[in-house]
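Asker: The structure is given below, and queries will be raised subsequently.
The values are calculated or read from the model by the stated rules, or taken from the named source; none is laboratory data. This is a predicted model, so every value here is computed, not measured. Quick reminder, even Gly has a Cβ in these numbers, built from the backbone with ideal geometry, and neighbours come from all protein chains shown. With ligands, DNA and RNA removed, areas are computed over all heavy atoms of the protein, side chains included. Shrake-Rupley method; radii C 1.70, N 1.55, O 1.52, S 1.80 Å.
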Amino acid sequence: MRKYLQIMALAGAMLTLSGCGKLKDSSLANNATTTSTAKKKSYQTTNTGKNGYTVLMKNGRYVISPIAGLTATNNDNSVDTRELERGLIQISKNQFSPNQYVFQEGQYLDTSTVTDWLTRKSKSNPKGLNPADNGKTGPDTRNPIYLEEIVEQDYLTGSGSKYQLGGMSLGLAMNSVDYYQKKRNGAEFKTEISRAEQKAQGEKIANEIIARLRKKKVLKNILITIGLFSKTEKDSLVGGTYFAYGTAAANSSKITKWKSVSEKIQVLPTTGNEKAINSDDASHFNDFKAAIQNYFPNISGVTATLRYDNDKLAQENISITTQFYGYEQIQSFTRLVLSSAKKYLPNNVPIEIKIGSVNDVQALIAKETGDSDYQVHVYGGE
């Protein structure tokens, strides 16, 4: 297995958390913090806004997980990354209330351990959680790579200079498609993995991980929540979704009850014979798109990514690509987009609208809770 380790930028990590709160509260630089200093450590906390977690920092720095970006193969789809993290935060709220717990990226799994876990099981690596290579190359006869990535999130309790681990959440990214080559630098083939197989393998792997974690003294008596995430094909325009989660009670080495997660993601406008998940949402988007395209002809494309929880719209992200760069053009167009968003788009869900050229973002319009007002920022503007 090759190791693919990408260091996530602080801004990207905080964007995931700020999706739970108000845009204006998501900046570490501008948000008030509380600080406490002990003999050798200094903790700061920053609030990411309404319904979001307070984030624990050390010595003024956001703490990044050492396993962030580590994957089993190079078959990664970058659009999965944010959904893998965002979805796990939402699942964690069912067990770890933001009013009682403080968030920190995972610090208990290290690179070496997770590298071994993501590798196939073999004589040289008995800790591998992916099945041993059976020597077969047929798409339906070979043993695929099921587990692609692990995300750890820690939830702490305490205050001042004393914080202790109160719980842990893990996201297991399970491949829906495993890409492979029969010979080095040869043609690419793929093994499709059904949801039933993802679930069966995911539950098995989850319980094995819990049993291993319990061997660490600090992890013996905490709640451990694990979510199972289905990765999309690598050329998919949308991110994957969680389909199940469960929690192991303190001292327990397995999850005895799994709960289903009903998440769907769709890109509008639809293509081919694909039908809209909700015709009203599609109609509202089409009206919005028509309004801004009629006003400004130099628009390359308008697309929306909609996320549904239990068949209810939970988030709408819109991307508008322009072909103009003039200051007043961008200012005028941003005002039009804001007016059209208020008129045509749903007012009870978080919405994010990015306006940009091929190379950069020119403006951002967002409301990050269903009941908040839109906030607007034009880059390089007033």
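Asker: Every residue in region 61-93 that is over 13 Å from the mean Cα position of the chain (by Cα), within 24 Å of T46 (Cα to Cα) and in a loop (DSSP other than H, G, I, E, B), please.
Answerer: Residues of region 61-93 over 13 Å from the mean Cα position of the chain (by Cα): 61-67, 70-76, 93.
Subsequent filtering for residues that are within 24 Å of T46 (Cα to Cα) retains 61-67, 93.
Result: V63, I64, S65, P66, I67, K93.
Asker: With Y379, Y344, Y327 as the choices, which residue is without any contact (Cβ under 8 Å) to a residue 24 or more places away in the chain and of a type in the set (F, W, Y)?
Answerer: Values: Y344 fails: without any contact (Cβ under 8 Å) to a residue 24 or more places away in the chain; Y327 fails: without any contact (Cβ under 8 Å) to a residue 24 or more places away in the chain.
Checking each option against the conditions leaves just Y379.
Asker: Just give me the residues in region 218-231 being over 25 Å from V267 (Cβ atoms) and surrounded by 15 or more Cβ atoms within 10 Å (Cβ to Cβ), in sequence order. Explain how you work it out, then say what you get.
Answerer: Step one: of region 218-231, the residues over 25 Å from V267 (Cβ atoms) are 218-226.
Answer for region 218-231, where residues must be over 25 Å from V267 (Cβ atoms) and surrounded by 15 or more Cβ atoms within 10 Å (Cβ to Cβ): L219, I222, L223, I224, T225, I226.
Asker: Restrict the check to region 94-106 and report whether at least one residue is open to solvent by less than 30 Å² (accessible area, probe 1.4 Å), modelled with pLDDT of 90 or more, assigned to a loop (DSSP other than H, G, I, E, B) and small (G, A, S). Step through it out loud before you land on a result.
Answerer: Keep residues of region 94-106 that are open to solvent by less than 30 Å² (accessible area, probe 1.4 Å), which gives 96, 102-106.
If we keep only those that are modelled with pLDDT of 90 or more as well, we get 96, 102-106.
Checking which are assigned to a loop (DSSP other than H, G, I, E, B) leaves us with 96, 106.
Still in the running and small (G, A, S): 106.
Yes, some residue in region 94-106 is open to solvent by less than 30 Å² (accessible area, probe 1.4 Å), modelled with pLDDT of 90 or more, assigned to a loop (DSSP other than H, G, I, E, B) and small (G, A, S).
Asker: If I ask for residues that are farther than 14 Å from I226 by Cβ and either open to solvent by 10 Å² or more (accessible area, probe 1.4 Å) or small (G, A, S) (or both), which ones from region 156-176 would you list? Reasoning before the result, please.
Answerer: First pass over region 156-176, keeping only residues farther than 14 Å from I226 by Cβ: 156-166, 175-176.
Listed by number, the residues that qualify are L156, T157, G158, S159, G160, S161, K162, Y163, Q164, L165, G166, S176.
Asker: Scan region 114-155 for residues that are open to solvent by 40 Å² or more (accessible area, probe 1.4 Å), closer than 18 Å to A211 by Cα and under 29 Å from the mean Cα position of the chain (by Cα) and jot them down. Show your work before the answer.
Answerer: Residues of region 114-155 open to solvent by 40 Å² or more (accessible area, probe 1.4 Å): 116, 120-124, 126-127, 132-137, 139-141, 143.
With closer than 18 Å to A211 by Cα added as a condition, the list becomes 116, 121, 126-127.
D116, K121, K127 - these are the residues of region 114-155 that are open to solvent by 40 Å² or more (accessible area, probe 1.4 Å), closer than 18 Å to A211 by Cα and under 29 Å from the mean Cα position of the chain (by Cα).
Asker: If we keep just the residues of region 267-278 that are polar (S, T, N, Q) and at pLDDT below 95, which is least open to solvent (accessible area, probe 1.4 Å)? Show your work before the answer.
Answerer: Step one: list which residues in region 267-278 are polar (S, T, N, Q), which gives 270-271, 273, 278.
Checking which are at pLDDT below 95 leaves us with 270-271, 273.
Values: T270: 51, T271: 101, N273: 153 Å².
Applying the filter and picking the extreme gives T270.
Asker: May I pose another question? Within the set of pairs 6+ apart or on separate chains, which have a first residue in region 168-187 that is closer than 18 Å to S92 by Cβ, a second that is in a strand (DSSP E or B) and open to solvent by 10 Å² or more (accessible area, probe 1.4 Å), and C-beta atoms under 6 Å apart?
Answerer: G171/V151; A173/E149
A quick yes/no check of all residues on (1) open to solvent by 70 Å² or more (accessible area, probe 1.4 Å); (2) over 27 Å from R82 (Cα atoms); (3) at pLDDT below 95:
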position: D281; (1), (2), (3): no, no, no
position: I318; (1), (2), (3): no, no, no
position: Q323; (1), (2), (3): yes, yes, yes
position: K343; (1), (2), (3): yes, yes, no
position: K354; (1), (2), (3): yes, no, no
position: N359; (1), (2), (3): yes, no, yes
position: E368; (1), (2), (3): no, no, yes
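Asker: Still on this structure, please answer the following. (1) touching a residue at least 12 places away in the same chain (Cβ under 8 Å); (2) among the polar types (S, T, N, Q); (3) open to solvent by 70 Å² or more (accessible area, probe 1.4 Å): which one isn't true of T334, the others all being true?
Answerer: Among (1) touching a residue at least 12 places away in the same chain (Cβ under 8 Å); (2) among the polar types (S, T, N, Q); (3) open to solvent by 70 Å² or more (accessible area, probe 1.4 Å), the lone unmet condition for T334 is (3).
Asker: Also, I was wondering about something else. Check K215, K234, K204 and return the single one that is within 21 Å of L118 (Cα to Cα), open to solvent by 50 Å² or more (accessible area, probe 1.4 Å) and under 17 Å from the mean Cα position of the chain (by Cα). Spell out how you get there, then give the answer.
Answerer: On the way: K215 fails: under 17 Å from the mean Cα position of the chain (by Cα); K204 fails: under 17 Å from the mean Cα position of the chain (by Cα).
Result: K234 is the single residue among K215, K234, K204 that is within 21 Å of L118 (Cα to Cα), open to solvent by 50 Å² or more (accessible area, probe 1.4 Å) and under 17 Å from the mean Cα position of the chain (by Cα).
Asker: Moving on to the next point. Would you check which residues across region 283-316 are at pLDDT below 85, exposed (fewer than 14 other Cβ atoms within 10 Å of the Cβ) and either under 31 Å from the mean Cα position of the chain (by Cα) or of a type in the set (A, V, I, L, M, F, W, C) (or both) and list them? Explain how you work it out, then say what you get.
Answerer: At the first step, the residues of region 283-316 found to be at pLDDT below 85 are 294-300.
This time we only want the ones that are exposed (fewer than 14 other Cβ atoms within 10 Å of the Cβ), so: 294, 297-298, 300.
Hit for region 283-316 is S300, nothing else.
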